Amino acid sequence: MSKTVVMSGGVGAAKFLRGLSKIHPPDSITAIINVADDFRLHGLAISPDIDTVTYTLAEQVNPETGWGQKGETWRVMSELERYKGQTWFSLGDLDLALHLYRTQRLAEGSTLAEVTKEVSAAWEIEVNLLPVTNHPVRTRLTVEGEGDIDFQDYFVARQHDVAINAVRFDGASDAIPAPGVLEAINEASHIVIAPSNPIVSIGPLLAIPGILEALVQNKERVVAVSPIIGGLALKGPADRMLSELGHEPSALGVASLYQPFSSALLIDTADKHLSTKISNLGIKAVVANTVMSDISKAAQVALSAINATNPPLTGA
Ligand code: GDP
């Protein structure tokens, strides 16, 4: 059976995975998911990207936000307001159960990969969800004129409304890929870099020793989907982050970041005019509609991505 790996951040990757699982058997897909947004709050272990992918594949995600559960209630958060507790990061009543469960299982000595598997089994998810590593890796951003802050401070508390001039992934160089991660990359007939933030979602995956090397080795089978359309991110700070860190905020900028380990880049029809410049960088530009506004469009984007790579090298 032909196997596909998707290098994943949160919302963009989750939509892509949902589309892909409509055109490929879900159990032939492995998502390798960013953990550098993970953090602790109220003593709980929270893994935002893993949870977004989980709820999306469980058909349970809140369609308005793209994260959290649909039909969520917020009674615990409003009660917490009474005590002037930490309510800057909203955790819904249903969502809290997942963080309670994960925290308890980690405290008992389970790995993040094991807990992720248990949670996805409970939701009857057939896609194989793998945190990129079981080791703690944490994104830190340098705010101009201020110093270093945590990812969720930047992203949620400050609504990414501050300029940054550096990003690093604490713990990445000492981390090792979770069991099965490198094997999945090496065995895949197609490897997709999901439409995720190149700096803070895909960046931390590449920072784990062994991952970039595995992608480079399998470059012919790697296709990326540009998260930047017409010079803008559909959501979030990816465009601004690219320019603040000295990259061009466009599909061309994404192409130059991904060229060392990808053979093709799926770009939106809005960026068709960039095709030649992208191809001149040594990465094939494939033009398609890439906005995943519903499940059938997401399936179409997944199909375009899969068709953009060279035929599988093995008999997969
Ligand atoms: P997170 O969900 O906040 O962790 O962020 P992601 O890592 O998922 O990255 C968000 C990026 O995905 C943004 O740059 C968006 O532009 C991009 N994105 C989200 N939805 C889509 C889509 O439907 N198509 C494309 N091409 N990109 C998307």
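Tabulated data
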| read-out | value |
| --- | --- |
| Where a residue in segment 237-258 is among the basic types (Lys, Arg) and its partner, wherever it lies, is away from the ligand (no atom under 12 Å from the Cβ), with Cβ under 9 Å and at least six apart | ARG240/ALA163; ARG240/ILE164 |
| Test: residue in segment 295-310 that is out of contact with any helix residue (DSSP H, G or I) (no Cβ under 7 Å at 6 or more places or on another chain) and not in a helix (DSSP H, G or I) | no |
| In segment 39-52, the residues that are assigned to a loop (DSSP other than H, G, I, E, B) and either within 19 Å of GLY180 (Cβ to Cβ) or free of Cβ contacts under 8 Å to residues at least 24 places away in the same chain (or both) | SER47 |
| Failed condition for ARG105, given (1) part of a helix (DSSP H, G or I); (2) under 18 Å from THR52 (Cβ atoms) | (2) |
| Top-ranked residue of segment 61-113 - restricted to ones that are at pLDDT 95 or above and β-branched (Val, Ile, Thr), ranked as surrounded by the most Cβ atoms within 10 Å (Cβ to Cβ) | VAL61 |
| Residue in segment 130-140 that is among the hydrophobic types (A, V, I, L, M, F, W, C) and surrounded by fewer than 18 Cβ atoms within 10 Å (Cβ to Cβ) present | no |
| Given (1) touching a Leu at 6+ places or on another chain (Cβ under 7 Å); (2) more than 21 Å from GLY12 (Cα to Cα); (3) touching a residue at least 60 places away in the same chain (Cβ under 8 Å), index of the condition PRO198 fails | (2) |
| Among residues of segment 83-133, those that are among the β-branched types (Val, Ile, Thr) and more than 22 Å from PRO177 (Cβ to Cβ), counted | 2 |
| Of the criteria (1) small (Gly, Ala, Ser); (2) within 30 Å of GLN159 (Cβ to Cβ); (3) within 14 Å of the ligand (Cβ to nearest atom); (4) over 19 Å from the mean Cα position of the chain (by Cα), which one GLY246 fails | (3) |
| Number of positions in segment 200-211 that are farther than 20 Å from GLY19 by Cβ and either basic (Lys, Arg) or near the ligand (Cβ under 9 Å from one of its atoms) (or both) | 1 |
| Inter-residue pairs, beta-carbon under 8 Å, first on the phi > 0 side of the Ramachandran plot and in segment 163-188, second in a loop (DSSP other than H, G, I, E, B) and among the aliphatic types (A, V, I, L, M), 6+ apart | GLY171/VAL137 |
| Pick from segment 212-243, criterion away from the ligand (no atom under 14 Å from the Cβ) and buried (at least 24 other Cβ atoms within 10 Å of the Cβ), ranking: farthest from the chain's Cα centre (by Cα) | ARG221 |
| Candidates VAL192, VAL254, VAL181, VAL162 - the one that is within 19 Å of the chain's Cα centre (by Cα) and away from the ligand (no atom under 16 Å from the Cβ) | VAL181 |
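Matching residues to (1) more than 13 Å from the ligand (Cβ to nearest atom); (2) assigned to a loop (DSSP other than H, G, I, E, B); (3) over 15 Å from ASP95 (Cα atoms):
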| residue | (1), (2), (3) |
| --- | --- |
| ALA13 | no, no, yes |
| PHE16 | no, no, yes |
| GLY19 | no, no, yes |
| VAL35 | no, yes, yes |
| GLU72 | yes, yes, no |
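The values are calculated or read from the model by the stated rules, or taken from the named source; none is laboratory data. Just so it is clear, the model here is predicted, and its values are computed rather than measured. Note that each Cβ is placed from the backbone with ideal geometry, even for glycine, and that neighbours are counted across all protein chains shown.
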